[in-house]
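Only one structure is covered here, and it is reproduced in the block below.
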Amino acid sequence: MLEAIERIEAHGHSEIRGTHRSAFEFTREEHLTSRGDCIVAVGANKGISELSEKFKRLAARDSARITILIEVDQISEVAVGRGSGLLTFCSDSDIVARKSTFTCDRTVMVESNKAALDFNRDLIRSLRNPDTIARITIAARI
């Protein structure tokens, strides 16, 4: 089995809602409005373009299994999906996981089993505190 693991840190924001039905996102941006209902953490220390070349090579395969673990305080959430040959990893600021097969320059995973709305509500409430740190682990395996 081939594997690449990325670790990212981000933090909460008072406007985090976590109500999007088909995606979730981490962003390097610090500003957030209530319209950003897929965003679950801000101030990330990496955008998708900064992920390792090994990770990108593995995740850019339709057969890749992608796992995203989010840890906040004592709460964790895991989303599982797959990679895609259509991933481009071009965004400097965002990392998005989608339930659909739609891809754009921000997409890291398609066919996710979870969107922001599916996350534990205690996790989302914790992420409404700007001082809350989210530790994110993204793994690609084939």
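The values are calculated or read from the model by the stated rules, or taken from the named source; none is laboratory data. From a predicted model like this one, the values you see are computed outputs, not experimental measurements. Note: ideal-geometry Cβ built from the backbone for every residue, glycine included; neighbour counts use all protein chains shown.
For residues in segment 2-61 being in contact with a Cys (Cβ under 8 Å, 6 or more places away or on another chain) and over 18 Å from residue 78 (Cα atoms), which is surrounded by the most Cβ atoms within 10 Å (Cβ to Cβ)?
Step by step, filter segment 2-61, then rank; the result is 48.
Just for segment 1-24: of the residues that are part of a loop (DSSP other than H, G, I, E, B) and closer than 19 Å to residue 55 by Cα, which one is modelled with the highest pLDDT?
Among residues in segment 1-24 that are part of a loop (DSSP other than H, G, I, E, B) and closer than 19 Å to residue 55 by Cα, the one modelled with the highest pLDDT is 2.
Can you tell me which residues in segment 58-97 are of a type in the set (Ser, Thr, Tyr), touching an Asp or Glu at 6+ places or on another chain (Cβ under 7 Å) and touching a residue at least 40 places away in the same chain (Cβ under 8 Å)?
Selection gives 91, 93.
Report every pair of residues separated by at least 6 positions or lying on different chains whose Cβ atoms are under 8 Å apart, first residue within segment 32-43 and under 19 Å from residue 107 (Cβ atoms), second of a type in the set (Gly, Ala, Ser) and assigned to a strand (DSSP E or B).
38/23; 40/134; 41/10; 41/134; 42/10
Only one of (1) under 17 Å from residue 133 (Cα atoms); (2) touching a residue at least 24 places away in the same chain (Cβ under 8 Å); (3) more than 11 Å from the chain's Cα centre (by Cα) is not met by residue 51, so which one is it?
(1)
Just one of the numbered conditions (1) touching a residue at least 40 places away in the same chain (Cβ under 8 Å); (2) buried (at least 19 other Cβ atoms within 10 Å of the Cβ) is not true of residue 100; which one?
(2)
In segment 25-58, what residues are part of a strand (DSSP E or B) and either of a type outside the set (Phe, Trp, Tyr) or more than 29 Å from residue 142 (Cα to Cα) (or both)?
25, 27, 39, 40, 41, 42
Would segment 117-139 turn up any residue that is of a type in the set (A, V, I, L, M), in a loop (DSSP other than H, G, I, E, B) and surrounded by fewer than 21 Cβ atoms within 10 Å (Cβ to Cβ)?
Scanning segment 117-139 turns up no residue that is of a type in the set (A, V, I, L, M), in a loop (DSSP other than H, G, I, E, B) and surrounded by fewer than 21 Cβ atoms within 10 Å (Cβ to Cβ).
Among the residues of segment 114-142 satisfying the criterion of being within 12 Å of the chain's Cα centre (by Cα) and small (Gly, Ala, Ser), which is farthest from residue 99 (Cα to Cα)?
134
Checking the condition farther than 14 Å from residue 8 by Cβ, charged (D, E, K, R) and in contact with a Lys or Arg (Cβ under 8 Å, 6 or more places away or on another chain), which residue from 37, 118, 122, 73 passes?
Selected residue: 37, the only one of 37, 118, 122, 73 that is farther than 14 Å from residue 8 by Cβ, charged (D, E, K, R) and in contact with a Lys or Arg (Cβ under 8 Å, 6 or more places away or on another chain).
Across segment 92-117, which residue is farthest from residue 81 (Cα to Cα) among those that are out of contact with any strand residue (DSSP E or B) (no Cβ under 8 Å at 6 or more places or on another chain) and of a type outside the set (A, V, I, L, M)?
Residue satisfying both the conditions and the ranking: 92.
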